[in-house]
Amino acid sequence: MNFREFRHRLFGIVLTPLAVFGPFSFIRVWANKLRGVTIKKGVWIGYLAFIDQPPDVKESLVEIHEGVGVGFRNNIFAHDSSPVWRGEKCVFKKVVIEKNVYLGANVTIMPGVRIGEGAVVGACSLVNKDVPPYTVVAGVPAKPIKKIIEKDGKKLVVPLE
Ligand SMILES: CC(C)(COP(=O)(O)OP(=O)(O)OC[C@H]1O[C@@H](n2cnc3c(N)ncnc32)[C@H](O)[C@@H]1OP(=O)(O)O)[C@@H](O)C(=O)NCCC(=O)NCCS
């Protein structure tokens, strides 16, 4: 490991605990941004949420758009290291969480997933497929349970047809 890599890893060792255990959301947001996660305005990140961004990957692997709420103890994964155990390379796939999404507590998001604008993910769900905009999903694996419609200027949560 050369000096540059060492400095990079040291930086990661300091920032990752702050990103996960930081006492306030703004500290967790700031630390995640310094780790390389793309985080837009008005994002709230819950305590113990882990957002994947390996220190040796330059590209931002997780994109979190305006007004997103990331719940307590979430795991947002953008890599799969299982191929490494059979001698292949680690696989990286970008995760995108669009505007005003709400992720409940204990949600796990798998690599490559895109969560559409205004969607809601129920507590303890495993999201392994894209979520359409304004859809409420829940379960392991997560499936649509309700949708969100606009009526008289208000957003309403209604059953699926
Ligand atoms: C997803 C959520 C928003 C749905 O709320 P809701 O619209 O009131 O949904 P309902 O309670 O009417 O449930 C509708 C169905 O989905 C199921 N469901 C709801 N939430 C679920 C979840 N998290 N996982 C699995 N199934 C769930 C219900 O059991 C119900 O199934 P049924 O029709 O077979 O009985 C809510 O359940 C939730 O998980 N909120 C997040 C709370 C949280 O994480 N708080 C801490 C944040 S840090």
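Here Lys33 is the anchor, and the lysines within straight C-alpha reach of less than 23 Å, apart from those fewer than 8 places off in the same chain, are Lys41, Lys58, Lys93, Lys94, Lys99. Helix 3-21: angle to the longest alpha-carbon principal axis of the chain, degrees 0 to 90, nearest 10? With rounding to tens, the tilt is 40 degrees.
Among the chymotrypsin sites (Phe, Trp or Tyr not before Pro) within segment 40-126, those in coil by DSSP and having at most 16 neighbouring Cβ atoms inside 10 Å are Tyr47, Phe72. Note on the chain: antiparallel DSSP beta bridges, both residues inside, total approximately 35 percent of the bridges counted.
Here the Gaussian network model covers the chain, with springs between Cα atoms less than 10 Å apart; of Ser60, Ser82, Ser25, Ser82 fluctuates the most.
Just flag the GluC sites (Glu not before Pro) in segment 71-133 sitting in loop per DSSP whose Cβ has no more than 10 other Cβ atoms within 10 Å. If you can, show how the numbers build up before the last one.
On the way: sites: Glu88, Glu98, Glu117; in loops: Glu88, Glu98, Glu117.
Answer in residue order: Glu88.
Each Lys or Arg adds one and each Asp or Glu subtracts one; over the other residues with Cβ under 13 Å from the Cβ of Ala49, this totals +2. Considering only Pro111, Pro133, Pro141, the mean-square fluctuation computed in a Gaussian network model of the chain, springs between alpha carbons under 10 angstrom, is largest for Pro141. Three principal axis extents describe the C-alpha atoms of segment 1-115; from largest down they are 38, 28, 21 Å.
Can you give the longest stretch of the chain with no exposed loop site, where a site means trypsin sites (Lys or Arg not before Pro) in a DSSP loop (not H, G, I, E or B) with at most 10 other C-beta atoms within 10 Å? Could the numbers behind the result be given before it?
On the way: sites that count: Lys41, Lys58, Lys89.
Longest stretch, sites excluded: 90-161.
So which GluC sites (Glu not before Pro) in segment 1-64 pass both tests, a DSSP loop state and at most 16 other Cβ atoms within 10 Å of the Cβ? Present the calculation step by step, with values, prior to reporting the outcome.
Details: sites: Glu5, Glu59, Glu63; in loops: Glu59.
Answer by residue number: Glu59.
Panel values: segment 94-160, Kirkwood radius from alpha carbon pairs, Stokes-Einstein at 25 °C and 0.890 mPa s, translational diffusion coefficient 209 µm²/s.
Applying 1/(1 + (r/R0)^6) with r as the Cβ-Cβ distance of Lys93 and Arg9 and R0 = 30 angstrom yields a FRET efficiency of 0.85. Rounded to the nearest 10 degrees, the angle from helix 25-35 to the longest Cα principal axis of the chain is 50 degrees.
Ratio of segment 74-123's C-alpha Rg to 2.2 N^0.38 Å, to two decimals? Walk me through the numbers before you get to the answer.
On the way: Rg = 13.0 Å, N = 50, 2.2 N^0.38 = 9.7 Å.
Cα Rg divided by the expected 2.2 N^0.38 Å: 1.34.
Where a number appears in this text, it was derived from the coordinates with a stated rule and is not lab data. What you see is a predicted model, and the numbers here were worked out from it, not measured in a lab. Because the Cβ atoms are built from the backbone with ideal geometry, glycine has one as well, and the counts that use them run over all protein chains shown.
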